[in-house]
There are 2 protein chains.
Amino acid sequence: MLDHSHIYFFEKLLDKENVYNDKAHMIAYSYDATRAHFEPDAVLFPRTEDDVSTILKYCNEHGIILVPRGAGSGFTGGALPSKGGIVLAFEKHMNKILEIDMENMVAIVQPGVINMDLQKAVEEVGLFYPPDPASQNYSTIGGNVNENAGGMRAAKYGITKDYVMAIRAVLPNGDIIKAGKRTIKDVAGYNIAGILIASEGTLAVTTEVTMKLLSKPKMTKTAMGIFDTVNSAMEAVYKTMASGVTPVAMEFLDNKTIRAVEQTYNKGLPIEAGAILVTDVDGNLESDLDFQLAQIEKVFRENGCDEFVIAQSEDEAADLWFARRRASQALSVYGSKKINEDVTVPRAVLPQLLKEFDKIAEKYNINIPCFGHTGDGNVHTNVMVDGKDPEQVKIGYEAIKEVFQATIDLGGTLSGEHGIGLAKAPYMSMAFTDEEMNLFKTIKKAFDPNNILNPNKMGLD
Amino acid sequence: MLDHSHIYFFEKLLDKENVYNDKAHMIAYSYDATRAHFEPDAVLFPRTEDDVSTILKYCNEHGIILVPRGAGSGFTGGALPSKGGIVLAFEKHMNKILEIDMENMVAIVQPGVINMDLQKAVEEVGLFYPPDPASQNYSTIGGNVNENAGGMRAAKYGITKDYVMAIRAVLPNGDIIKAGKRTIKDVAGYNIAGILIASEGTLAVTTEVTMKLLSKPKMTKTAMGIFDTVNSAMEAVYKTMASGVTPVAMEFLDNKTIRAVEQTYNKGLPIEAGAILVTDVDGNLESDLDFQLAQIEKVFRENGCDEFVIAQSEDEAADLWFARRRASQALSVYGSKKINEDVTVPRAVLPQLLKEFDKIAEKYNINIPCFGHTGDGNVHTNVMVDGKDPEQVKIGYEAIKEVFQATIDLGGTLSGEHGIGLAKAPYMSMAFTDEEMNLFKTIKKAFDPNNILNPNKMGLD
């Protein structure tokens with residue numbers, strides 16, 4: 001519980017309307033997209049960067065925990081106040097697109113801006129912000145930067161970190177810093193923006209982000225390939241990428257996922273197929289798109305693709321994407337509890353990774369349907385169990401541990417885009433040596449010696 | 001001077017042939033591409049990462065300064081032992097390309113590999129490593145990563161940091177860490193590779209780098225535009241980039257640079273022109289290249305370009321590039337001492353930046369010819385003075401300070417690609433606030449509490 005003197009301080013600073021500490025709001029801010037929940041002691045809505053600075057300085061002096069929160073759409077509990085304290089929320093005030101600089105192809109945004117709002121605003125003027133996490137309709141740029149969000153277009157366009165040119169942030173001691181500039185190149189001083197990205201709000205509070213924009217490609221085409229086996233589809237993925245074309249997206253569904261979608265939506269999907277790959281290509285010239293699609297079809301057909309379909313209209317493209325977009329929801333046919341991970345491996349070991357997952361599914365007699373961003377080696381791995389059966393849930397988590405081990409053994413990472421937060425903290429020691437964990441802790445301590453900023457995350461304490 | 005017991009320790013560890021401490025070698029390792037020189041007390045050639053770890057642990061325990069060195073081709077003294085101590089050199093042993101992984105499009109290299117050797121090796125198998133600093137024929141990947149080197153192709157392909165997927169490094173205490181993976185996405189733990197890039201060897205010693213590779217584009221075309229005024233050329237630069245094409249390179253020479261090259265080489269250059277822009281486009285389809293060139297020509301002609309030439313052969317392309325490639329050497333017609341900086345601004349303020357430079361040149365009655373990577377806002381700014389006249393040299397440095405101030409006032413950076421090192425350390429406080437400098441110092445101290453690793457650089461002490 002926060003002492004009333006603290007609440008009084010914040011109410012005086014921000015006005016009462018920007019300080020919540022009633023039970024209903026505490027419950028509302030206790031959740032994210034995991035099923036864990038932890039109530040904060042208060043929720044503050046800073047109006048300005050100076051507010052953020054004053055709040056941090058005060059909390060640092062009084063040892064009050066502070067957890068920055070975007071939309072609360074994270075999959076790993078990164079924005080949950082697992083040790084209580086204050087949630088700092090940006091959706092009320094610090095939610096503006098401050099500038100779209102068309103000449104330099106840059107956007108300046110506050111942390112509370114919703115990803116899709118930024119995408120739409122820049123597309124209206126012919127520019128393009130590629131990172132498109134599945135949460136794009138509600139997740140915020142502040143959250144995207146702090147988790148280094150990915151998305152469907154990462155195969156060609158990279159992830160959030162590839163678009164961050166500068167970050168303004170407040171350090172735990174209240175110091176306001178700017179890291180980076182509206183320039184393509186900048187090698188003066190340490191790359192502070194580089195370490196803030198993906199730091200899950202544990203090092204500093206982001207108050208403004210400068211994002212690189214691209215020109216919006218004039219056209220996109222969609223194609224789908226149907227494969228006999230998941231192995232041949234995985235071979236086709238990395239061979240396509242190595243053949244000289246870079247599709248915007250290269251997404252897959254395995255047989256179990258195809259069956260789940262078909263069972264749920266009756267779309268006439270090929271339920272005998274080992275896998276489906278759906279791919280988008282883009283560019284400014286019809287001939288370029290046709291060249292890319294011809295190359296993809298060639299590699300697909302050389303690698304076990306029986307059927308290759310190119311969408312001839314936007315409706316047909318939406319049809320080809322339907323199964324992929326509904327995959328996550330449809331999996332409930334396999335159990336009420338889905339333990340979903342976003343492990344990522346070097347693309348060429350995708351065939352081996354999926355074989356390992358098959359072995360794990362067989363060993364525990366469970367379903368592990370997979371789909372996801374194979375163009376960048378990122379597999380959404382879903383361990384499905386009966387959520388009402390504690391024994392099943394226990395088995396599910398044992399299987400997940402083996403999923404992580406198989407991933408790490410193949411040179412992969414615990415998380416391609418969701419982060420560590422609370423949910424994956426127990427697995428950090430599988431992925432990192434003591435020396436590496438010590439370095440993380442040293443960095444955390446350098447930025448935040450009193451451990452007030454989003455403590456208890458990333459396996460650091 | 002190093003105590004002989006230390007030399008004995010290193011000779012025992014590395015064999016005598018890998019420990020130099022004779023005068024001739026100390027002189028040889030006292031230089032880089034600046035004219036400053038500082039002799040080390042010894043030069044060590046580690047054979048393995050374990051050697052590096054043992055050396056760092058020993059130096060950390062005994063308070064011995066250690067300076068990692070690539071090819072010594074830096075422009076800011078970053079690899080100079082300005083406080084004495086040991087130079088750690090990688091050219092003898094840790095200079096191998098360990099693997100080119102074609103399936104994952106990744107190269108694993110040791111720090112002593114020369115940039116061009118990596119470029120050639122990957123191009124032989126159809127892949128592409130874009131970063132091409134002017135020093136590419138001799139500078140090393142270790143140096144490139146630690147300075148975050150840029151190059152001609154940055155406008156389209158970005159800089160070194162955009163290709164670093166993972167770094168193995170040894171911390172000052174001897175701990176060996178790996179940061180990053182052979183995966184496109186990885187958000188587990190802090191982005192240590194992000195902070196090591198551009199850290200100028202002050203935080204850790206790089207022992208291995210995993211580099212992302214691209215498919216080699218099948219063709220390149222070159223064009224040149226001649227402009228009445230430098231202002232109109234600068235307008236054309238950012239308008240081209242914003243128009244939807246992204247040239248590989250977009251390089252410029254101002255009138256003074258054109259005249260210097262013509263005076264030196266007699267190539268029939270347009271000495272009345274305000275500026276020349278030279279540009280490359282690349283891709284896999286002739287039609288795509290033609291589309292890009294047509295778009296560039298259109299924007300150029302709308303912005304004061306009188307003459308636009310497309311090279312019809314490799315020889316013609318080399319001709320168009322000739323002036324740009326010889327620009328640096330030719331400038332000696334303006335004075336024996338060149339104080340060259342690599343300031344970078346947001347592209348759209350290039351016209352204003354060059355106007356400011358004109359004012360500074362006029363004020364001090366000196367020549368400041370400019371050329372460089374305008375596609376990414378990076379201007380090689382050359383303050384030319386008579387090196388034998390101390391008064392002229394003093395005036396030159398006063399002018400440089402104003403060059404930096406104008407750059408900073410326009411939202412630019414002290415350095416686009418050369419780093420800070422010793423040469424720009426005095427200007428750091430112009431570019432960063434006390435809070436930002438404190439953060440840099442805090443990070444340095446967290447990694448290197450005894451300040452043994454490349455001290456006295458980046459304005460940190």
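Quick look at the values:
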| item | result |
| --- | --- |
| Radius 12 Å from Cβ of A:GLY304, net charge of other residues (Lys, Arg +1; Asp, Glu -1) | -3 |
| Calculated diffusion of the protein assembly as shown, Stokes-Einstein form, Kirkwood radius summed over Cα pairs, 4 °C and 1.567 mPa s, µm²/s | 45 µm²/s |
| Projected label distance in nm at B:LYS441 and A:ASP434, using a 7 Å step from Cα toward the beta-carbon | 3.3 nm |
| Net charge over other residues, Cβ less than 9 angstrom from the Cβ of A:ILE271 (K, R count +1; D, E count -1) | -1 |
| Neighbourhood net charge (15 Å Cβ-Cβ; Lys/Arg +1, Asp/Glu -1) for A:ASP22 | -2 |
| Mean separation of Cα contacts under 8 Å, 6 or more apart, over the residue count of region B:219-409: relative contact order % | 28 percent |
| Cα point-scatterer Debye curve for region A:1-88, base-10 log of I(q)/I(0) at q = 0.11, 0.22, 0.23, 0.25 Å⁻¹ | -0.27, -1.07, -1.15, -1.32 |
| Exposure proxy order (Cβ contacts within 10 Å, fewest to most) of B:PHE252, B:PHE432 | B:PHE432, B:PHE252 |
| Label-to-label distance, nm, for residues given as B:LYS298 and A:SER287 (7 Å Cα→Cβ offset) | 1.6 nm |
| Segment A:THR48-A:ASN137, length gained on full extension (0.36 nm per residue, minus Cα span) | 29.6 nm |
| Long-range amide H partners of A:VAL106 with built H, under 5 Å | A:ASP101, A:LEU213 |
| Peptide-level mean, for B:280-289, of C-beta atoms on other protein chains within 10 Å | 3 |
| For chain A, average projected area of the Cα convex hull in nm² | 22.3 nm² |
| Likely footprinting exposure, B:TYR397, A:TYR157, B:TYR190, fewest C-beta neighbours within 10 Å first | B:TYR397, A:TYR157, B:TYR190 |
| Protection proxy ranking, peptides B:87-99, B:352-364, A:271-283, average beta carbon neighbours within 10 Å, highest first | A:271-283, B:87-99, B:352-364 |
| Other protein chain Cβ atoms within 10 Å, averaged over every residue that makes up A:162-173 | 1 |
| Percentage relative contact order, chain A, counting C-alpha pairs under 8 Å, at least six apart | 15 percent |
| Fewest-first ranking of B:THR246, A:THR264, using other Cβ atoms within 10 Å as the exposure measure | A:THR264, B:THR246 |
| Stretchable slack from A:GLU39 to A:ASN450, in nm (0.36 nm times residue separation minus alpha-carbon distance) | 145.8 nm |
| For residues of B:191-203, the mean tally of beta carbons on other chains within 10 Å | 5 |
| Degrees between helix A:350-364 axis and first principal axis of chain A (Cα, 0 to 90, nearest 10) | 80 degrees |
| 18 Å Cα-Cα threshold exceeded, pairs from A:LYS212/B:LYS156; A:LYS185/B:LYS120; A:LYS181/A:LYS218 | A:LYS185/B:LYS120; A:LYS181/A:LYS218 |
| Pairwise FRET efficiency - B:HIS4 versus A:ASP228, Cβ, R0 = 60 Å, nearest 0.05 | 0.25 |
| Label-point gap, in nm, between B:LYS355 and B:SER313 - each point 7 angstrom along Cα→Cβ | 4.4 nm |
| From the C-alpha gyration tensor of region A:218-299, square roots of 5λ in Å | 25, 15, 9 |
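Computed from the coordinates by the stated procedures, all read-outs in this text should not be read as laboratory data. Please read these numbers as outputs of a predicted model, since none were measured by experiment. Methodologically, a virtual Cβ is constructed for each residue, glycine included, from the backbone with ideal geometry; neighbour enumeration extends over all protein chains shown.
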